[in-house]
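Working notes, beginning with the structure itself.
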Amino acid sequence: MTGSIATIGYGLACLGPGIGLGILIGKTQESMARQPELGGRLTTNMFIGIAFVEALALIGLVAGFLF
């Protein structure tokens, strides 16, 4: 067997942010459909949330390389 267990760990670490992004974007779209006048504020908050969720994926990538 060749390779590193870190690649499997990183693959599993990407599941969380992937699910998080799906929920985050889906709920934002649902909120915009219900109250279109708040679209600008919701979009801004969505992008801030996306930045935090993507940071989790990058932390998982770095942790895979370190350990």
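Could you look through the range 23-44, keep only residues that are closer than 24 Å to Ala13 by Cα and either open to solvent by 80 Å² or more (accessible area, probe 1.4 Å) or at pLDDT below 90 (or both), and pick out the one that is nearest to the chain's Cα centre (by Cα)?
Ile23
Inside the range 7-17, can you point out the residues that are in a helix (DSSP H, G or I) and surrounded by 12 or more Cβ atoms within 10 Å (Cβ to Cβ)?
Gly9, Tyr10, Ala13, Gly16, Pro17
The values are calculated or read from the model by the stated rules, or taken from the named source; none is laboratory data. Since we're looking at a predicted model, the values are computed, not measured. Backbone-built Cβ (ideal geometry, glycine too); neighbour counts: all protein chains shown. For the accessible areas, the whole protein counts, side chains as well, though only heavy atoms, and no ligand, DNA or RNA atoms are used. Shrake-Rupley method; radii C 1.70, N 1.55, O 1.52, S 1.80 Å.
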